[in-house]
Amino acid sequence: RLSYTSYHDWPVIEEYIDGIAHRYPDLVKLVNAGRTFEGRNLKYLKISTTNFEDASKPVIVIDAAIHAREWATIPVATWAIHKLVEDVTEPDLLNNFDWIIFPVANPDGYTFSLNTQRFWRKTRSIVSPNTERCPGVDGNRNYDFHWNTVGTSTNPCAENYGGPKAFSEIETRIVRDILDEHLSRISLYLTIHSHGSMILYPWGHDGSLSHNALGLHTVGIEMANAIHTKALSYFPRYVVGNAALVLRYAASGASEDYAHSVGVPLSYTYELPGGGRGFFLDPIYIKQVATETWEGIVAGARKSEILF
Ligand code: 0X9
Ligand code: ZN
């Protein structure tokens with residue numbers, strides 16, 4: 001069991017992921033999808049009451065912590081695993097969907113943020129000899145959707161460096177491949193970030209609306225409302241809207257835009273609450289944020305099934 005009163009380092013989370021797969025072999029399949037630049041295993045879970053490969057149910061894909069300093073996103077992802085596997089109070093979610101949860105998309109960056117530089121955002125890859133001084137790529141500028149056009153940088157030392165090419169990073173290629181493999185039945189994609197209490201949808205590169213804007217907005221509002229039923233009154237209400245408009249900046253190469261561009265009908269960036277301390281959500285709020293966000297995921301999943 002993982003505690004929800006402090007942040008855990010990558011080995012502890014990895015052990016939890018491995019342990020879940022080991023203890024629930026009929027329900028959970030561990031996928032070892034590759035190795036990071038620093039040699040950590042990139043692991044995600046496939047959760048299915050039937051055979052995932054039957055391809056009979058809609059799939060929900062969730063990733064977290066592509067941005068290293070956004071620590072609170074990890075307990076949100078592991079709590080979702082917990083509620084689907086260890087403490088099933090919404091059996092319809094388990095029975096009616098297959099799930100892919102990638103709880104730490106950037107373990108190298110997360111480890112660097114925990115141990116060395118709290119506000120580290122990027123991966124830790126050295127993409128060419130001349131980036132030795134400035135390692136790392138912004139995973140949320142590295143997707144192949146209007147890559148390297150806006151809100152991104154070609155300077156490897158910048159926080160929002162998009163990489164030498166789209167999908168230069170193994171961390172983003174794994175999500176690309178998940179989307180690609182199950183595309184025809186992915187009903188909902190959520191990428192968990194922090195902070196700002198926002199539910200953001202495409203298109204974030206230019207503020208325009210997609211063909212499915214009404215569906216995106218409607219389900220976004222449903223998710224926010226569901227979160228509010230469990231939220232603390234002194235945390236800000238979630239704002240739902242187009243990523244570029246709500247954030248007041250456009251940025252290309254983000255995963256929620258990419259997922260939508262390849263055909264995922266409902267694709268969102270969650271920006272979790274900051275609890276007044278921004279990226280450093282006080283550990284006393286971890287459980288609160290994990291449980292309230294789960295309500296949003298539940299609502300989004302159920303709505304996605306209706307619209308699917
Ligand atoms: O800028 C980002 O990558 C995300 N915000 S964060 O503070 N977590 O870095 C927002 C991404 C929004 N989506 C798009 N621009 N498409
Ligand atoms: Zn982020």
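Please treat every number below as a calculation from the coordinates, not as lab data. Computed from a prediction, not measured in an experiment: that's the story for all the values here. Heads up, the Cβs are rebuilt from the backbone with ideal geometry, glycines too, and the neighbour counts pull from every protein chain shown.
Which one is farthest from Ile17 (Cα to Cα) among residues in region 66-91 that are of a type in the set (Val, Ile, Thr) and within 12 Å of ligand 1 (Cβ to nearest atom)?
Taking the candidates together, the pick is Ile66.
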Return only the number of the condition from (1) more than 12 Å from ligand 1 (Cβ to nearest atom); (2) under 18 Å from the mean Cα position of the chain (by Cα) that Gly163 does not satisfy.
(2)
Taking the condition of being away from ligand 2 (no atom under 13 Å from the Cβ) and in a loop (DSSP other than H, G, I, E, B), how many residues in region 243-273 meet it?
8
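Residue-by-condition table, conditions (1) under 17 Å from Asn142 (Cα atoms); (2) surrounded by fewer than 20 Cβ atoms within 10 Å (Cβ to Cβ):
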residue: Asn95; (1), (2): no, yes
residue: Asp108; (1), (2): yes, no
residue: Thr111; (1), (2): no, no
residue: Thr123; (1), (2): yes, no
Are any of the residues in region 76-91 within 16 Å of ligand 2 (Cβ to nearest atom) and either more than 25 Å from Asn160 (Cα to Cα) or assigned to a strand (DSSP E or B) (or both)?
no
Criterion (buried (at least 19 other Cβ atoms within 10 Å of the Cβ), without any contact (Cβ under 8 Å) to a residue 60 or more places away in the chain and more than 25 Å from His82 (Cα to Cα)) met by exactly one of Ala213, Ala254, Ala244:
Ala244
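Please specify each residue of region 36-51 satisfying the condition of being surrounded by fewer than 19 Cβ atoms within 10 Å (Cβ to Cβ) and touching a strand residue (DSSP E or B) at 6+ places or on another chain (Cβ under 6 Å).
We begin by selecting, within region 36-51, every residue surrounded by fewer than 19 Cβ atoms within 10 Å (Cβ to Cβ); these are 37-39, 41, 49-51.
Passing the criteria: only Asn41.
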Looking only at residues in region 52-75 that are assigned to a loop (DSSP other than H, G, I, E, B) and away from ligand 2 (no atom under 16 Å from the Cβ), which one is surrounded by the fewest Cβ atoms within 10 Å (Cβ to Cβ)?
Ser56
Residues (assigned to a helix (DSSP H, G or I) and surrounded by fewer than 16 Cβ atoms within 10 Å (Cβ to Cβ)) located in region 1-15
Pro11, Val12, Glu15
Does Val219 satisfy being within 15 Å of ligand 1 (Cβ to nearest atom), over 18 Å from Gly151 (Cα atoms), in contact (Cβ under 8 Å) with a residue 24 or more places away in the chain and outside any strand (DSSP E or B)?
no
